[in-house]
1. If neighbour count is taken as other Cβ atoms inside 10 Å, put HIS125, HIS72 in order from fewest to most.
2. Go ahead and set up a Gaussian network model of the chain, Cα springs under 10 Å, then flag whichever of LEU88, LEU118, LEU46 fluctuates most.
3. Select from ALA19, ALA51, ALA121 the residue whose mean-square fluctuation is largest in a Gaussian network model of the chain (Cα-Cα springs shorter than 10 Å).
4. So for the chain, what are the equivalent ellipsoid semi-axes in whole Å, largest first, each being the square root of 5 times an eigenvalue of the Cα gyration tensor?
5. According to the Kirkwood expression over distinct Cα-Cα pairs, how big is the hydrodynamic radius of the range 14-70, in Å?
6. Can you list the DSSP H helices in the chain whose Cα atoms extend at least 20 Å along the helix axis and whose mean Kyte-Doolittle hydropathy is 1.0 or higher?
7. Radius of gyration and Dmax for the range 77-122's Cα atoms, expressed in Å?
8. Relative contact order of the chain: what whole-number percent is it, with Cα pairs under 8 angstrom and at least 6 residues apart?
Amino acid sequence: MTNTTLGFLTGPISLPFAACNAVGALVWGYGVRWGFGKTFPRFFLLSLLVALAVTLMAVPIYVFVFGGATGHFSDVMTASLVGMGQRLGVAVFSSNIIVSLADKIISSFIALAVIEALPPALTAHLDIVKAPKLQLVLWIALATVLAAGLAVFVTSAG
């Protein structure tokens, strides 16, 4: 739905990436069902697994459908890596995993805060980590700082 709407608003570039949304949703859903949402470390690991799965789905789309570039800001990193001698697939994977890690870590902890804010009747069936509000905020802040630090570290290393 998101990619279709974006396709109408900004152009058709986002349409092929609907498959990435589906993969991310499946990994999230099954990850929580298999117990990856029970503790914060497992929840964080689930965020990393979702980022990897979405990247593995996105790289072939970037490379084979768009030739490695779609106009996303990560294309600058891809171009830099290709300029340094990396193959296109490796460059696209490297830049996409960095962006995806930051995105999924931040998104997962925001989603956790949203889920915890929902009425209990809507979340009673979810076996997902619960935390006191202050601890939750600290975990979200830590995840955000780690994601941003990872993105800055990797981009400055290139």
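Every number here is computed from the coordinates shown, using simple stated rules; none is lab data. What you see is a predicted model; the values in this text were computed from it and never measured. As a convention, Cβ positions derive from the backbone with ideal geometry for all residues, glycine included, and neighbour counts pool all protein chains shown.
1. Values: HIS125 7, HIS72 15.
Listed from fewest to most nearby Cβ atoms, that is HIS125, HIS72.
2. LEU118
3. Residue with maximal mean-square fluctuation among ALA19, ALA51, ALA121: ALA121.
4. Over the Cα atoms of the chain, the semi-axes work out to 30, 19, 13 Å.
5. Over the range 14-70, the inverse of the mean reciprocal pair distance is 12.0 Å.
6. Working: long enough: 18-33 (23 Å, 0.92); 40-60 (31 Å, 2.00); 88-117 (43 Å, 1.70); 133-157 (36 Å, 1.87).
Length and hydropathy pass: 40-60, 88-117, 133-157.
7. Calculated on Cα positions, Rg and Dmax stand at 17.2, 54 Å.
8. 22 percent
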